[in-house]
1. Which one is farthest from S78 (Cα to Cα) among residues in region 17-28 that are assigned to a helix (DSSP H, G or I) and touching a Phe, Trp or Tyr at 6+ places or on another chain (Cβ under 9 Å)?
2. If I ask for residues that are buried (at least 18 other Cβ atoms within 10 Å of the Cβ) and either of a type in the set (G, A, S) or at pLDDT below 90 (or both), which ones from region 79-117 would you list?
3. Go through (1) surrounded by 16 or more Cβ atoms within 10 Å (Cβ to Cβ); (2) in contact with a Phe, Trp or Tyr (Cβ under 7 Å, 6 or more places away or on another chain) one by one and return the number of the condition I40 breaks.
4. Which of the residues that make up region 4-62 are among the charged types (D, E, K, R), closer than 30 Å to P109 by Cβ and free of Cβ contacts under 8 Å to residues at least 60 places away in the same chain?
5. Taking only region 1-33 into account, find how many residues are surrounded by 13 or more Cβ atoms within 10 Å (Cβ to Cβ), under 13 Å from H71 (Cα atoms) and of a type in the set (S, T, N, Q).
6. Looking only at residues that are surrounded by 13 or more Cβ atoms within 10 Å (Cβ to Cβ) and modelled with pLDDT under 75 in region 118-159, which one is farthest from H84 (Cα to Cα)?
7. In region 43-72, which residues are assigned to a helix (DSSP H, G or I), farther than 25 Å from I92 by Cα and not β-branched (V, I, T)?
8. Working carefully through the options N75, N111, N120, find the one that is within 23 Å of T24 (Cα to Cα), touching a residue at least 60 places away in the same chain (Cβ under 8 Å) and in a helix (DSSP H, G or I).
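The values are calculated or read from the model by the stated rules, or taken from the named source; none is laboratory data. Note that this is a predicted model, so its numbers are computed, not measured. Note: ideal-geometry Cβ built from the backbone for every residue, glycine included; neighbour counts use all protein chains shown.
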Amino acid sequence: MKLYWSIIRPTVTYTCEAWVLKETIKNKLMVFERKVLRRIFGLTKERDGAWRIKTNDVLDELIRHKNIINHTKANRLSWFGHLHRMQKGRIIKKIHKWKPMLTRPLVRPKNRWEDDIRNNMKKLKIKNWTSCIQDRNKWKLYVEKAKTFTEGSCSAHRRRRRRRRRRNRK
């Protein structure tokens with residue numbers, strides 16, 4: 001397990017602070033993580049002697065809800081706080097604040113990085129985030145809360161699977 005936490009996950013999530021997490025990317029990351037965890041934890045032997053693979057819920061319990069999506073969201077929140085605490089003259093801060101001269105197309109707008117972060121803050125029920133960011137210790141608590149936030153993809157995956165089963169029955 002140390003190998004996963006120290007080498008595999010950091011390699012996969014390198015620069016994840018700048019990602020916009022779309023559903024397809026989330027699903028691919030979760031599938032990858034589940035494959036790796038199933039390989040690490042192996043099969044489960046039942047009382048009757050039969051072997052079976054571990055379910056997603058069991059794997060989630062084994063890693064204490066610290067899945068790769070929550071890790072990515074926590075890193076993005078951490079970077080967002082760091083970005084807002086920066087001095088005004090820093091180049092990264094200027095690039096973040098920069099607005100292009102062009103207008104966005106009239107089609108449905110793409111989900112932007114900052115929109116994604118704000119949606120995460122709404123789900124975590126972070127109120128008055130501008131003042132919370134300035135207090136590093138308070139912001140760190142929110143980042144830690146994001147690492148184990150359970151609203152995520154497992155329940156959404158189960159809902160989608162149930163809908164597919166209902167459609168197939170009809």
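1. Filtering region 17-28 for residues that are assigned to a helix (DSSP H, G or I) and touching a Phe, Trp or Tyr at 6+ places or on another chain (Cβ under 9 Å), the one farthest from S78 (Cα to Cα) comes out as I25.
2. G81, the sole residue that qualifies.
3. Condition not satisfied by I40: (1).
4. Scanning region 4-62 gives E23, K28, E33.
5. Looking only at that region, the number is 1.
6. H157
7. Scanning region 43-72 gives N56, D57, L59, D60, E61, L62.
8. N75
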